[in-house]
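Here's the structure we're looking at; comments come further down.
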Amino acid sequence: MKNADCELCHGDGGAILWREPRLRIVAVDDPGIPAFVRVIWNLHVREMSDLAHHDAAHLLDAVLAVERALLALLQPDKINIASLGNMVPHLHWHVIPRFRADAHFPQPVWGARQREPDPSLLARQRAALPQLPAALASALRGAEG
């Protein structure tokens with residue numbers, strides 16, 4: 001089921017890194033956070049509790065696989081995971097690698113900038129992006145096992 005007014009029902013929500021029947025994983029187009037990833041449930045659902053238990057577990061497994069892939073590729077200081085949906089009430093999770101040198105750390109990425117962006121940190125994240133689909137595939141296979 002799709003919602004006529006929902007941007008995640010009618011668009012990918014980012015560059016596709018992984019797609020399967022129940023969900024998709026996308027790279028968010030955010031120049032200040034190049035390795036920002038979203039895990040989006042394909043059907044229009046507002047809340048995790050709207051899913052059957054096995055679907056919620058599958059979604060959470062995918063979120064954790066993204067976390068594992070980002071940790072392996074980038075060695076961030078922290079991973080932030082959030083399911084907000086205040087602006088787009090379609091079930092999706094944000095998975096964001098955080099670094100002490102990022103422009104917002106330790107504040108949320110949506111908060112006030114704490115410093116100027118570090119060009120070398122941004123370049124390192126951009127350079128890792130082409131490896132992310134393979135890292136995700138490996139992490140997702142691990143989640144199935």
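The figures follow:
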| read-out | value |
| --- | --- |
| Mean Cα-pair separation over length for the range 67-142, i.e. relative contact order, pairs under 8 Å, 6 or more apart, % | 31 |
| Inter-probe distance in nm under a simple model that places probes 7 Å from Cα toward Cβ, at E20 and H54 | 1.3 |
| Chymotrypsin sites (Phe, Trp or Tyr not before Pro) restricted to DSSP loop in the range 47-145 with at most 15 other C-beta within 10 Å | W110 |
| 10 Å Cβ shell holding at most 16 others, DSSP loop, trypsin sites (Lys or Arg not before Pro): longest site-free stretch of the chain | 47-99 |
| Of D118, D55, D12, the one that fluctuates the most in a GNM where the chain has Cα springs shorter than 10 Å | D118 |
| Fully extended contour minus Cα-Cα distance, from L84 to S138, at 0.36 nm per residue | 16.7 nm |
| Amide H contacts under 5 Å for L23, placed H, 5+ residues apart | N42 |
| The chain: relative contact order as a whole-number percent, Cα under 8 Å and 6+ apart | 24 |
| Value of Rg to Rh for the chain (Rh from inverse mean 1/r over Cα pairs, i.e. Kirkwood) | 0.96 |
| Residue-averaged 222 nm ellipticity for the chain, from DSSP H runs of 4+ at -39500 (n - 2.57), nearest 500 | -10500 deg cm²/dmol |
| In degrees, nearest ten, helix 53-74 long axis to first principal axis of the chain (Cα) | 20 |
| Net lengthening on full extension, D118/L71 (0.36 nm per residue, minus Cα-Cα) | 15.0 nm |
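Each reported figure results from applying straightforward, stated rules to the coordinates on display, with no laboratory input. Quantities reported herein were computed from a predicted structural model and do not represent experimental measurements. Counting neighbours? That spans all protein chains shown, and the Cβs are built from the backbone with ideal geometry, glycine included.
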